[in-house]
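Trainee: Please read through the structure below; I'll follow up with questions.
The values are calculated or read from the model by the stated rules, or taken from the named source; none is laboratory data. The shown structure was predicted, so the numbers you read here are calculated from the model rather than taken from an experiment. Virtual Cβ from ideal backbone geometry, glycine too; neighbours counted across all protein chains shown. These area figures cover heavy atoms from the full protein model, side chains too; ligands, DNA and RNA do not enter into them. Shrake-Rupley method; radii C 1.70, N 1.55, O 1.52, S 1.80 Å.
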Amino acid sequence: MARDHLTEIIVFAVLFLLVSGMGFVAARWRRPDSMHSLDEWGLGGRSFGSWITWFLIGGDLYTAYTFVAVPALVFGAGAAGFFAVPYTIVVYPLVFLVLIKLWSVSHVHGFVTPADFVRARFGSPTLALVIAITGIVATMPYIALQLVGIEAVLKAMGVNGHWPIIIAFVILAAYTYQSGLRAPALIAFVKDVLIYLVIIVAVLYIPAKLGGWGDIFDAAKAKFDKTPAPGDGITVAASGQLNYAMLALGSAMALFLYPHSITGVLASKNRNVIKRNMAALPAYSFVLGLIALLGYMAIAAGVKPVSTGGKPDTNTVVPLLFDHMFPDWFAGVAFAAVGIGALVPAAIMSIAAANLFTRNIYKEYIRRDADAKEEATVSKLVSLIVKAGAVVCILALDPEFSIDLQLIGGVIILQTLPAVGLGLVTRWFHRGALIAGWAAGMAAGLWMLYQIPNPAKGKEHFGGSAYPLSDLGLDTKTTVYVGMLALAVNVVVAVAGTLVCKAAKLADGKDATRAADYLADEGDPKIKDLELSAST
Amino acid sequence: MTPDDSREPTPTQPPPVADRTDRSPWNWLLIVPVALPLLTFLYNSDKPRLAGFPAFYWIQLAFIPLGVACTVLVYQMTKKRG
């Protein structure tokens with residue numbers, strides 16, 4: 001099996017090792033005086049300009065799993081899978097004004113994580129702990145899914161077994177440990193050059209071989225017309241339209257609540273870098289849209305997904321399409337693009353999760369007097385544990401289970417929106433009410449996800465994220481994204497709770513930030529500098 | 001202790017910078033690329049096709065340059081800060 005793909009495997013391995021070498025060298029790139037602080041190891045010295053930030057955030061948000069799962073969804077369900085495109089169009093203008101506030105206040109106060117911000121804004125270590133744990137729990141399965149992406153590529157090359165993934169992650173863990181955020185920032189550049197190259201070739205070359213775009217869409221339409229499922233097709237069914245829009249909006253609101261996205265934003269050197277990136281990042285959305293359509297090309301090309309244990313793995317359709325359509329050496333390049341596409345986000349996610357643990361659990365509850373060097377050491381070690389955990393997730397559990405966890409992850413990370421997102425805009429909410437809202441949103445979200453079956457996959461629970469409104473007693477076939485409904489519960493409880501707390505005059509935390517902090521820019525004094533100058 | 005230290009304590013917060021603001025009427029333009037892609041009824045159809053692409057796909061892809069244009073305009077108009 002694997003011997004038939006020797007050229008592909010060699011090209012893949014060479015590119016993979018080349019990039020890994022870059023990961024180790026990255027520690028010397030823009031070398032600081034010392035790597036012994038979270039600002040340097042975890043945020044690259046908060047010094048990245050527009051280009052590096054563009055590659056870093058792009059590499060962070062558009063992951064190997066996206067490249068594999070979005071076309072797989074389009075392959076299986078049609079238009080409903082295309083929601084990733086409006087999602088990534090909506091997200092940047094939506095967060096444009098909010099992220100610059102987060103950057104400014106983090107710059108002044110030295111925040112590294114979203115929970116750091118919440119702690120200062122609402123004066124509540126408990127609320128910060130809740131936000132930190134939510135972030136870590138939502139990030140872990142996301143890292144595991146990067147492995148699913150690599151695994152899909154390996155399966156298409158006929159390489160089975162888990163040892164190649166373990167090797168890849170040991171290498172990744174070693175250079176992230178050494179170079180911190182500089183490693184994914186440098187590798188992101190190579191990743192994107194490969195991805196863009198592969199996609200441009202794919203959208204020019206494959207449709208030409210398949211008879212043109214019109215034929216591709218017609219082949220997809222013919223396939224969906226034949227299936228009994230009412231929800232699929234090359235346009236969205238009437239009952240799924242609201243869900244399509246809400247899924248796009250909900251995913252967009254969730255995206256920059258993920259701790260790893262915030263890491264990328266905080267690593268930029270000033271506000272204009274962020275604003276420019278909000279305008280330039282949609283270039284990736286265009287690529288994502290074309291990648292999504294690879295799912296239809298796979299239908300037109302008659303690709304049959306690889307079956308493991310009798311179950312077809314639709315994640316393999318894109319790698320198989322490349323394998324069928326491209327000459328061996330270029331298929332190897334394409335596989336390397338997906339494989340390297342897994343390393344960049346996995347590294348940033350493990351750094352973000354490690355920073356959350358260090359700042360909001362270790363320093364808060366275990367070692368109050370930890371200095372900057374100790375913080376960096378703890379984060380480096382925890383980043384190793386996080387990656388080991390992700391590997392165990394894949395080896396010990398069914399990958400299908402990781403996909404369920406990621407579905408849950410999107411819903412639960414949305415529950416941090418009132419504290420983190422609204423907290424940047426207003427200090428009106430009471431800390432106790434925010435905790436109550438978070439708990440209510442989590443409970444409602446998990447309960448709804450538990451109720452959703454997926455008959456096609458033979459699952460009774462956690463079968464998807466579209467909640468039928470008829471379950472709430474409404475006479476309609478319309479479905480809505482669970483995350484949005486859960487967020488609505490969360491906000492209602494937080495607002496009502498705040499009114500009650502204020503009426504009862506319950507003690508609230510102290511806001512350590514001031515209005516001017518949210519407008520600060522590069523070069524403005526930081527609180528740490530002032531403390532240092534005051535103490536000497 | 002030097003005599004200087006007995007004067008007013010050094011503030012631990014930086015002095016506020018006056019006249020800065022993120023407010024601008026141009027920001028309203030950001031609503032366009034946020035709202036438009038969510039209005040599924042505008043583009044949820046097969047016809048008219050463009051270069052083989054059903055309307056559902058080419059219209060959504062066309063929203064991308066529109067979004068970029070709006071965001072770039074807002075960035076350019078709000079770049080200079082007081």
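Trainee: Report yes if A:SER47 is open to solvent by 30 Å² or more (accessible area, probe 1.4 Å), in contact (Cβ under 8 Å) with a residue 40 or more places away in the chain and out of contact with any strand residue (DSSP E or B) (no Cβ under 6 Å at 6 or more places or on another chain), otherwise no.
Mentor: Judged against the criteria, A:SER47 is a match.
Trainee: Among the residues that make up region A:384-392, is at least one of them in contact with a Pro (Cβ under 8 Å, 6 or more places away or on another chain) and open to solvent by 10 Å² or more (accessible area, probe 1.4 Å)?
Mentor: Looking through region A:384-392, none of the residues is in contact with a Pro (Cβ under 8 Å, 6 or more places away or on another chain) and open to solvent by 10 Å² or more (accessible area, probe 1.4 Å).
Trainee: Still on this model: Pairs, please: C-beta under 6 Å, at least 6 apart or cross-chain, first residue free of Cβ contacts under 8 Å to residues at least 40 places away in the same chain and within 7 Å of another protein chain (Cβ to nearest Cβ) and in region B:34-57, second among the charged types (D, E, K, R) and open to solvent by 10 Å² or more (accessible area, probe 1.4 Å)?
Mentor: Partner pairs satisfying both residue conditions: B:PRO54/B:ASP46.
Trainee: Specify the residue that is surrounded by the fewest Cβ atoms within 10 Å (Cβ to Cβ); the eligible residues are those in region A:293-314 that are under 24 Å from the mean Cα position of the chain (by Cα) and more than 11 Å from every other protein chain (Cβ to nearest Cβ).
Mentor: So, considering only residues that are under 24 Å from the mean Cα position of the chain (by Cα) and more than 11 Å from every other protein chain (Cβ to nearest Cβ), the one surrounded by the fewest Cβ atoms within 10 Å (Cβ to Cβ) is A:ASP313.
Trainee: Sticking with this one: Determine which member of the set A:PRO259, A:PRO345, A:PRO319 is crowded, with 24+ Cβ neighbours inside 10 Å and closer than 29 Å to A:GLY523 by Cα. Working first, answer last.
Mentor: On the way: A:PRO345 fails: closer than 29 Å to A:GLY523 by Cα; A:PRO319 fails: closer than 29 Å to A:GLY523 by Cα.
Result: A:PRO259 is the single residue among A:PRO259, A:PRO345, A:PRO319 that is crowded, with 24+ Cβ neighbours inside 10 Å and closer than 29 Å to A:GLY523 by Cα.
Trainee: Here is a list of conditions, (1) among the acidic types (Asp, Glu); (2) open to solvent by less than 50 Å² (accessible area, probe 1.4 Å); (3) within 15 Å of A:GLY180 (Cα to Cα), and A:ASP33 meets all of them except one; can you say which number that is?
Mentor: So A:ASP33 meets the others, but not (2).
Trainee: While we're looking at this one, here's another question. Among the residues of region A:422-443, which ones are touching a Leu at 6+ places or on another chain (Cβ under 7 Å), open to solvent by 20 Å² or more (accessible area, probe 1.4 Å) and among the small types (Gly, Ala, Ser)?
Mentor: Within region A:422-443, just A:GLY432 meets the criteria.
Trainee: Among the residues of region B:45-62, which ones are within 17 Å of A:ILE291 (Cβ to Cβ) and open to solvent by less than 20 Å² (accessible area, probe 1.4 Å)? Talk me through it step by step, then tell me what you get.
Mentor: Filtering region B:45-62 down to residues within 17 Å of A:ILE291 (Cβ to Cβ) leaves B:53, B:56-58, B:60-61.
Selection gives B:PHE56, B:TYR57, B:GLN60, B:LEU61.
Trainee: Okay, next question. Test A:ILE403 against the criterion of being in contact with a Gly (Cβ under 8 Å, 6 or more places away or on another chain) and either within 28 Å of A:THR66 (Cα to Cα) or modelled with pLDDT under 95 (or both), and give yes or no.
Mentor: Considered against the rule, which asks whether it is in contact with a Gly (Cβ under 8 Å, 6 or more places away or on another chain) and either within 28 Å of A:THR66 (Cα to Cα) or modelled with pLDDT under 95 (or both), A:ILE403 comes out as no.
Trainee: From A:THR53, A:THR88, which residue is touching a strand residue (DSSP E or B) at 6+ places or on another chain (Cβ under 7 Å) and either surrounded by 21 or more Cβ atoms within 10 Å (Cβ to Cβ) or in contact (Cβ under 8 Å) with a residue 12 or more places away in the chain (or both)? Talk me through it step by step, then tell me what you get.
Mentor: On the way: A:THR88 fails: touching a strand residue (DSSP E or B) at 6+ places or on another chain (Cβ under 7 Å).
Every option except A:THR53 fails the conditions.
Trainee: From A:LEU154, A:LEU145, A:LEU172, which residue is over 23 Å from A:VAL11 (Cα atoms), at pLDDT below 90, within 23 Å of the chain's Cα centre (by Cα) and buried (at least 16 other Cβ atoms within 10 Å of the Cβ)?
Mentor: Among A:LEU154, A:LEU145, A:LEU172, only A:LEU145 is over 23 Å from A:VAL11 (Cα atoms), at pLDDT below 90, within 23 Å of the chain's Cα centre (by Cα) and buried (at least 16 other Cβ atoms within 10 Å of the Cβ).
Trainee: Suppose the filter is aliphatic (A, V, I, L, M), in contact with a strand residue (DSSP E or B) (Cβ under 6 Å, 6 or more places away or on another chain) and touching a residue at least 40 places away in the same chain (Cβ under 8 Å); does A:ILE274 pass it?
Mentor: yes
Trainee: Moving on to the next point. Pairs, please: C-beta under 8 Å, at least 6 apart or cross-chain, first residue under 11 Å from A:VAL344 (Cβ atoms) and in region A:171-183, second open to solvent by 10 Å² or more (accessible area, probe 1.4 Å) and not hydroxyl-bearing (Ser, Thr, Tyr)?
Mentor: So the pair list comes out as A:ALA183/A:MET22; A:ALA183/A:PHE24; A:ALA183/A:ALA27.
Trainee: On to the next question. Regarding region A:240-249, can at least one residue be identified that is more than 12 Å from every other protein chain (Cβ to nearest Cβ), more than 23 Å from the chain's Cα centre (by Cα) and within 30 Å of B:ASP46 (Cβ to Cβ)?
Mentor: Looking for residues that are more than 12 Å from every other protein chain (Cβ to nearest Cβ), more than 23 Å from the chain's Cα centre (by Cα) and within 30 Å of B:ASP46 (Cβ to Cβ), one finds none in region A:240-249, hence no.
Trainee: Give the residues of region A:262-287 that are open to solvent by less than 10 Å² (accessible area, probe 1.4 Å) and assigned to a loop (DSSP other than H, G, I, E, B), sorted by residue number.
Mentor: Within region A:262-287, A:ALA267, A:LEU281 meet the criteria.
Trainee: Taking the residues in region A:211-239 that are part of a helix (DSSP H, G or I), open to solvent by 10 Å² or more (accessible area, probe 1.4 Å) and within 11 Å of chain B (Cβ to nearest Cβ) as candidates, determine which candidate is modelled with the lowest pLDDT.
Mentor: The residue in question is A:ALA238.
Trainee: For A:LEU290, only one of the following conditions fails: (1) facing chain B (nearest Cβ under 10 Å); (2) open to solvent by 10 Å² or more (accessible area, probe 1.4 Å); (3) under 17 Å from the mean Cα position of the chain (by Cα); (4) not polar (S, T, N, Q). What is its number?
Mentor: (3)
Trainee: Looking only at region A:63-82, how many residues end up being aromatic (Phe, Trp, Tyr) and either modelled with pLDDT of 90 or more or open to solvent by less than 10 Å² (accessible area, probe 1.4 Å) (or both)?
Mentor: Residues meeting the conditions: 2.
Trainee: Across region B:58-77, what is the total count of residues that are more than 8 Å from chain A (Cβ to nearest Cβ) and within 16 Å of A:PHE83 (Cβ to Cβ)?
Mentor: 1
Trainee: When A:ILE133 is evaluated against the numbered criteria (1) open to solvent by 30 Å² or more (accessible area, probe 1.4 Å); (2) of a type in the set (A, V, I, L, M, F, W, C); (3) within 13 Å of chain B (Cβ to nearest Cβ), which criterion, by number, is the only one it fails?
Mentor: Status for A:ILE133: all satisfied but (3).
Trainee: Test A:VAL108 against the stated conditions and say whether it is under 30 Å from A:LYS526 (Cα atoms) and either hydrophobic (A, V, I, L, M, F, W, C) or open to solvent by less than 10 Å² (accessible area, probe 1.4 Å) (or both).
Mentor: Criteria met by A:VAL108.
Trainee: Please tell me if A:ASP475 is open to solvent by 40 Å² or more (accessible area, probe 1.4 Å), of a type in the set (D, E, K, R) and touching a Gly at 6+ places or on another chain (Cβ under 8 Å).
Mentor: Working: open to solvent by 40 Å² or more (accessible area, probe 1.4 Å): yes; of a type in the set (D, E, K, R): yes; touching a Gly at 6+ places or on another chain (Cβ under 8 Å): no.
Here the answer is no, as A:ASP475 does not meet what is asked.
Trainee: A:GLN178 fails exactly one of the following numbered conditions: (1) over 17 Å from A:VAL386 (Cβ atoms); (2) in contact with a Gly (Cβ under 9 Å, 6 or more places away or on another chain). What is the number of that condition?
Mentor: (1)
Trainee: Quick check, is A:LYS477 more than 14 Å from every other protein chain (Cβ to nearest Cβ), assigned to a loop (DSSP other than H, G, I, E, B) and at positive phi?
Mentor: In short, no.
Trainee: Name the single residue, out of those in region B:19-33 being in a helix (DSSP H, G or I) and touching a residue at least 40 places away in the same chain (Cβ under 8 Å), that is farthest from the other protein chains (Cβ to nearest Cβ).
Mentor: Taking the candidates together, the pick is B:TRP26.
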